[in-house]
1. Hey, fewest Cβ within 10 Å first, where do B:ILE34, A:ILE82 land in order?
2. On average, how many beta carbons from a partner chain sit within 10 Å of the beta carbon of a residue in B:99-109?
3. On a straight-distance basis, which lysines could pair with A:LYS253 in a cross-link, Cα separation under 23 angstrom, same-chain partners fewer than 8 positions away excluded?
4. I'd like to compare A:144-150, B:71-77: which one has the highest average count of other Cβ atoms within 10 Å, and what's the full order after that?
5. Which of the three applies to segment B:6-122, rounded, prolate or oblate, going by the alpha-carbon gyration tensor with a ≥ b ≥ c and a/c under 1.5 meaning rounded?
6. Where does the Debye-calculated log10 I(q)/I(0) of segment B:155-243 sit at q = 0.18, 0.24 Å⁻¹, using only Cα point scatterers of equal weight, no solvent?
7. Could you give me the radius of gyration and the Dmax of segment B:91-157, taking only the C-alpha atoms into account and expressing both in angstrom?
8. Using just the helices of the protein assembly as shown, give the 222 nm mean residue ellipticity in deg cm²/dmol: DSSP H runs with n ≥ 4 each add -39,500 (n - 2.57), and the total is spread over all residues, rounded to 500.
Amino acid sequence: MTNSKYLVPLLALLMLTMFPLVQFFSNQNYIIHLLLYAFFYIIMTSSWNIIGGYGGFISIGHNAFLCVGAYVAGYAAVRYGISPFYLIGLSGLVAGIFGFIVGLITLRVKGPSFIISSIALIMIMRIVFDHWDLVGGASGITLPFNSLPVQWSKLPHYYSFLFLALAAIYLNWYVRHSKFGLALRAVSHDETRSAVAGINVKMIKVTAFALSAFLIGSAGAVWADYLTYIRPNMFLVILIAANIVLMVILGGKGTVTGPIVGTVIFILFNEIILTFFGATELNILLTGLLLVITLLYFPDGIVGSLKNKNILPKFLDWG
Amino acid sequence: MNDVILKLNNVTAGYQNGPDILKSVDLTLKKGEIKCIIGPNGAGKSTILKAIAGILRPRNGNVLFNDRDLVGLEAYEIMRQGICFLPQDRALFDTLNVSENLWMAGYTLHDKKELKLRIEEVLTVFPILKKRLSQYAGTMSGGEQQQLIFARAIILKPQIMLIDEPSLGLAPSIVEQAFKHIEEIALTGVSILLVEQNARRGLSSSHTGVVMDLGQVVFEKDAKEVLNDERIQELYLGKRKSK
């Protein structure tokens, strides 16, 4: 029983770790790109799930932290010549502290007011970054390329993202099963009741917000190096945050495996449509349709609804 | 019975920018005492409890708990001092299951083993809950929820319990059960401050009764005297004026 619970994820992890070996035989850079893109989004969805899923605060401004992480790494790379890979931790830390401060302000309100405040965050940051000459203003920063042959050039990003995705999933699992996570879910249900149960409501909310900002910021450092070019309008658009939210809702808010399932299905589906119908805007239309239909039959997201019906496969049941 | 544990001095409080709801209220609570506050709607009964629990910050005056002033502390800090507040609309987390609700009640207890022991202890007091550990609190019946509320309340062994409308929305037999629990808890030395719309029921389980109107304490007497006071009977207990 426990075997199947651990077997499938371990097997998947092993395959993903070994996958780049195909580069010895043929150039599969595109598939590697897709995989690392999926890891990248899993980091963001799993982190977002901490405050959005367990905490119940739907933020559509979490890409602000991605932007902060990317700019910290990008600026240091260009100004001081430090490789962004050494700055993953620092980028995360800066994004986390930034998240803490933002959280202190915006987490006072909830529901629609909070959603609007999160959108306002990216709009304010867009204006600031567009006019901030130190970090290149609207034209952004160009980072140095890495010197690896094209066959292997994506691998540092691939493994960094894989590692960070594992960290994000672990953090998600840990929060789900810890006292901190229990308090967070209590707060999402009712703040007054939580306060009279002895929870420091404000600290719990802000800590959860900062935690999710931390991992997204770390991913930003790798993402900046991967893109080799960062510019405010690549990060500070609602589309990225909307994608994160849609993926989590598709997979199941407030579950450990939901964000992973949602991300994989979302990206896979998008890719299939692009393959069959080309780069028309049909993929956007059909992705919307997929979401509507899925939520009709799985109102709590795929993982959430299967769990409610007790038919969730063992290997997806991590709480 | 004679040591004062909680003392309100001259407390004035109100919501946001609104008018004062409580106007210079003085109140004392003794150890092991059950005190019931009655009065018409808008008298400020619930507001008193909120002001003590720290959900509402008094504008003036002080709340002394064992001679320490509580005014200015956050709700969670006051709770950690040993004051348990049961809000009007069931103090449960509907979206958490019974076991999680109990763990949540002991949130401030850092000793996990001790908490586990105490949970087992309350489960022997409320055996029905033992069978329902994985059920969501929101899906239980009113009586079961009531048991869970009291189970949660005694886990931390508070010194004072503030209870807002224990009978609200419950079947008569469950109301009886709730007051039985309240009396039992008071016998263990916990002081209870109670707000009750069902004034007759509330007073008959209490030691003292407090009558409030328009944000002020009108008078305070032995619960039996309040029950038998003719003026009170006419005004709040629903007895017809004898002509």
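FYI, it's all coordinate maths here, none of it is from the lab. This one's a predicted model, so the numbers in the text were calculated from it and none came from an experiment. So basically every Cβ, Gly included, is an ideal-geometry build from the backbone, and we count neighbours across all protein chains shown.
1. A:ILE82, B:ILE34
2. 4
3. Cross-link targets: A:LYS5, A:LYS110, A:LYS179, A:LYS202, A:LYS205, A:LYS307, A:LYS309, A:LYS314.
4. Sorting A:144-150, B:71-77 by mean packing, highest first, produces B:71-77, A:144-150.
5. prolate
6. -0.86, -1.32
7. Cα only, segment B:91-157: 10.7, 31 Å (Rg, Dmax).
8. -17500 deg cm²/dmol
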